Amino acid sequence: MNNLDIKNQATINIEVILLLEAIFQKYGYDFRDYSKAHIKRRILHRMSTSRFSTISEMQHKVLNDEAFFEQILKDFSINVTEMFRDPSFYLKFREDIIPILKTYPFIKIWHAGCSTGEEVYSMAIILKEEGIYDRCQIYATDFNQVVIQKAKEGIYPINKVKEFTYNYQKAGGINSFSDYYTAKYESAILNTDLKKNIVFADHNLVTDKVFAEVHLLVCRNVLIYFNKQLQDKVIRLFNESIIPGGYLCLGSKESLRFSDSFHHFDTIDDDEKIYKRKLHFKR
Amino acid sequence: MKPRIIVIGSSAGGLQALKIIFSLFKNDFSIPIIVVQHISPHSDNYITTYLDKICKIKVKEANEKEIIEDGTIYFAPPNFHLLLEENFTFSLSTEERVNFARPSIDVLFETAAFAYGNNVVGIILTGANFDGAAGLKTIKKYGGTTIVQDPKTAEVDTMPSSAIRESKVDHILSLEEIAKLLISLNKE
Ligand SMILES: C[S@@+](CC[C@H](N)C(=O)[O-])C[C@H]1O[C@@H](n2cnc3c(N)ncnc32)[C@H](O)[C@@H]1O
């Protein structure tokens with residue numbers, strides 16, 4: 001039988017830890033507190049597609065070949081996204097949060113882990129339709145420079161437009177989605193006026209500090225890749241980044257409820273994961 | 001040896017098949033069961049609500065970081081992959097579809113094998129695609145026990161047949177026999 005025995009599995013676990021340590025030491029990206037199941041699965045897949053027989057063997061390549069490391073970075077950072085993902089969230093946001101934002105003279109927004117930008121542009125469209133875009137300063141960050149570059153471009157495959165349009169309508173869009181892009185060959189090019197108040201930047205939630213003080217922080221489908229300790233740490237960073245009374249929006253399966261910082265927030269909508277930082281926090 | 005975790009993958013015809021197996025369990029069935037049933041990304045919690053009502057053990061959707069408890073059946077949420085961690089918790093992922101599926105059986109099965117090795121029982125039921133075959137092979141490779149629904153008894157035999165083709169499985173059984181085997185494993 002070619003069963004992997006228990007000793008073998010223990011060795012694999014050590015090799016995973018060593019590889020993550022090596023990546024951190026060499027490149028500064030810290031994956032040591034990401035979901036272990038996710039990282040291990042990604043490593044073992046990369047190992048077999050690149051035909052290494054052990055993780056240690058692959059580690060040598062990671063340390064000595066930057067292009068190969070870029071590949072690993074891509075493996076670890078799941079960039080799958082879409083415009084108006086979870087339309088019910090955007091609908092709720094429009095109903096409950098927009099009216100409050102309308103009372104602010106100036107609004108700062110941070111999209112952390114924005115990937116290729118679809119989420120940011122979705123928000124920009126809503127802000128425009130509600131007539132407050134010009135009062136907004138939007139920061140959109142990700143730790144993966146490749147996706148940030150794509151986000152800046154705002155060009156998406158034309159075959160995604162059907163899904164985007166469907167989501168836009170379900171999200172309570174008041175115009176036609178086709179008002180927001182120009183089709184050219186195989187691409188949908190988003191209108192450049194959507195970009196006017198957006199600053200795209202490189203920021204790592206694990207290793208970098210507070211990026212900005214904001215009224216609204218959107219971080220969706222990023223925390224699911226972190227272990228509990230790292231989630232708590234990053235939520236502390238969010239707490240420091242949101243002005244008292246400001247809002248935090250997480251992904252549909254991410255909850256503040258079990259986080260150490262839960263008592264710093266009021267729950268605005270449990271289903272759509274919209275939270276508000278308390279004005280005064282008393283112990 | 002009593003397994004620590006049971007993972008099940010099912011697709012077309014799966015709800016009926018799962019219902020037959022689960023309704024044969026009494027409330028002393030303690031091994032946690034994790035299920036990937038292929039469903040539309042927009043579906044609601046109909047399946048878990050329904051099965052919870054008719055089963056003697058608890059049935060619910062898995063939450064991210066939730067601690068896996070004995071005597072509970074967990075289902076992957078629609079549109080997310082479900083991963084098993086070594087510390088008896090779940091993680092979710094939105095990565096690309098695997099075998100056209102999210103949740104994918106292969107993702108659950110692989111992470112179950114990585115985390116629990118020979119303490120896993122993996123089961124493939126009825127379905128019209130190939131998801132789960134590679135995952136079941138991985139479970140076998142890591143020393144776990146593998147079971148496939150006898151294709152002759154499956155509503156759609158593609159998924160069980162491809163699992164049987166992909167690796168040498170330990171048991172090929174009808175739904176009733178699968179339930180019986182699990183009940184006896186639960187007593188070990
Ligand atoms: C699944 S995407 C989510 C995109 C978008 N927010 C959405 O919900 O559709 C996760 C993103 O988080 C980014 N990410 C992962 N770890 C990060 C970190 N430590 N700092 C910043 N971004 C990170 C990845 O590069 C990826 O683009």
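List of remarks:
- Descending Cα extents along the principal axes, chain A, whole Å: 64, 59, 34
- Candidates A:Pro87, A:Pro244, A:Pro157, ranked by Gaussian network fluctuation over chain A, Cα under 10 Å, top entry: A:Pro157
- Among A:Val222, A:Val147, A:Val80, residue whose mean-square fluctuation peaks in a GNM of chain A (springs only between Cα atoms under 10 Å): A:Val80
- Rounded to the nearest 500, the helix-only mean residue ellipticity at 222 nm of chain A stands at -12000 deg cm²/dmol, with each DSSP H run of n ≥ 4 adding -39,500 (n - 2.57).
- More than 27 angstrom apart: percent of Cα pairs within region B:5-186: 14 percent
- Signed unit charges on C-beta, dipole axis of region A:87-277, positive-most listed residue A:Cys219, A:Phe89, A:Ala151: A:Ala151
- Positive minus negative residues near A:Arg41 (Lys, Arg vs Asp, Glu; Cβ under 12 Å): -1
- The percentage of C-alpha pairs in region A:3-76 whose separation is greater than 13 Å is 65%.
- Summed side-chain charge close to A:Glu119 - residues other than A:Glu119 whose Cβ falls under 12 Å, Lys, Arg +1, Asp, Glu -1: -2
- Using a cutoff of 8 angstrom between alpha carbon atoms and counting only pairs six or more residues apart, the relative contact order for chain A works out to 17 percent.
- For B:Ile8, nonlocal amide neighbours, meaning residues 5 or more places apart or on other chains whose placed amide H falls under 5 Å from its own, are B:Ile34, B:Val35, B:Val36, B:Ile123.
- Loop-located GluC sites (Glu not before Pro) in region B:30-128, at most 12 other Cβ atoms within 10 Å (DSSP): B:Glu69, B:Glu96
- Viscosity 1.567 mPa s, 4 °C: Kirkwood-radius Stokes-Einstein D of region B:1-76 over Cα pairs, µm²/s: 101 µm²/s
- Cleavage-rule hits (trypsin sites (Lys or Arg not before Pro)) in region A:163-258: DSSP loop, at most 16 neighbouring Cβ within 10 angstrom: A:Lys196, A:Lys209, A:Arg257
- The helix-based estimate of mean residue ellipticity at 222 nm for chain B, built from -39,500 (n - 2.57) per DSSP H run of four or more residues and divided by its residue count, is -9500 deg cm²/dmol to the nearest 500.
- Treating each Cα of region A:24-141 as an identical point scatterer and summing with the Debye formula, the log10 of I(q)/I(0) at q = 0.10, 0.14, 0.18, 0.21 Å⁻¹ comes to -0.49, -0.73, -0.92, -1.12.
- When chain A is treated as a Gaussian network with alpha carbon springs shorter than 10 Å, the biggest mean-square fluctuation among A:Glu254, A:Glu119, A:Glu95 belongs to A:Glu95.
Throughout, read-outs are computed from the coordinates displayed, never taken from laboratory work. Just so you know, these numbers come straight off a predicted model, no measurement behind them. Cβ sites come from the backbone with ideal geometry, for glycine too, and all protein chains shown count toward neighbours.
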